[in-house]
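What follows is calculated from the coordinates using simple rules that are stated; it is not laboratory data. Owing to the predicted nature of the structure, the values given are computational and were not obtained by experimental measurement. Counting neighbours? That spans all protein chains shown, and the Cβs are built from the backbone with ideal geometry, glycine included.
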Amino acid sequence: MILNGNDIKQLVEEKNLINPFIESNVNSGSYDISISSTILKIKKSFKVIDLDNQEQISKMYEEVDISNGYCLKPGETILCALNETISLPENVVAHIRPRTSLSRLGLFINLQHMQAGYSGILNIVLHNVSCNSYKIIPNLRIGQVVFEELTDGLTDNLLY
C-alpha cells in the first residue's frame, strides 16, 4: 500500500521519517526531495576503471560546491547529494522517482529503491540528455520519494 500525505506526516512525527521535513513538499502520495549544495562530478579518465576496485571508483569523483549554482552541460552526469535524510521504519520501503517537469527538459534521475530499515542521505544521479545547459541550484526539487508499507515487515532471505 502506497502511503498518502497524511501517513507521511504521521511517520515524520512518530519515526523521524524525513529530516529536515518541509510540509509544502508533501504530495498526495509522495514527498518532493531536493539537492544540497554539494555535488560529485565524475572526473574524466582515460584508463580502464576496474569495477571491483572500490578505491579506484572513489577516486573518480570530485566534490563541487554549487552554492552559487552549477551549469549542467549536455550529456553530463553528476551525483547530487540530497538535503533530506530518510529513515525508514522496518515496515516501510521507498522508491525515488523523477519529476515530470525535469524529465520534459531532458533531465533524468536514476530510479532508487530503499529497503526497509534504511537510514541515510542518498546521492542521486542526474543526467542531462538534452542539447541545452541548465543551471542547477541548491534546494532544487529533483525527484519524489514514494513510501510503501510492507504487509509483514522484514522477510527472511528466501532460497529460490
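Quick notes
- 12 Å beta-carbon shell around ILE57, net charge (K/R +1, D/E -1): -1
- 20 Å Cα-Cα reach of LYS47 towards aspartates and glutamates, excluding residues that sit fewer than 8 places from it in its own chain: GLU55, GLU62, GLU76
- Inter-centroid distance (Cα atoms) of segment 7-22 relative to segment 45-114, Å: 23 Å
- Calculated mean residue ellipticity at 222 nm for the chain: -3000 deg cm²/dmol, from DSSP H runs with n ≥ 4 weighted as -39500 (n - 2.57), summed, divided by the residue count and rounded to 500.
- Segment 15-67, dipole about Cα centre (Lys/Arg Cβ +1, Asp/Glu Cβ -1), debye to the nearest 20: 160 debye
- In this simple spin-label approximation, GLU149 and ARG104 carry label points 7 Å from Cα along the Cα→Cβ vector, and these lie 3.4 nm apart.
- The chain - charge dipole about Cα centre, Lys and Arg +1 at Cβ, Asp and Glu -1, debye rounded to 20: 980 debye
- Reachable lysines, given that their alpha-carbon falls under 21 Å from the alpha-carbon of LYS41 and they are not under 8 places away in the same chain: LYS59, LYS73, LYS135
- Förster radius 30 Å - calculated FRET efficiency between LEU51 and ASN4, Cβ distance, rounded to 0.05: 0.15
- Degrees separating the helix 5-15 axis from the principal Cα axis of the chain, which is the longest one: 90 degrees
- Across the options THR100, GLY29, ASN83, the greatest Cα extent toward the positive end of the charge dipole of the chain (unit charges at beta carbon of Lys, Arg, Asp, Glu) belongs to THR100.
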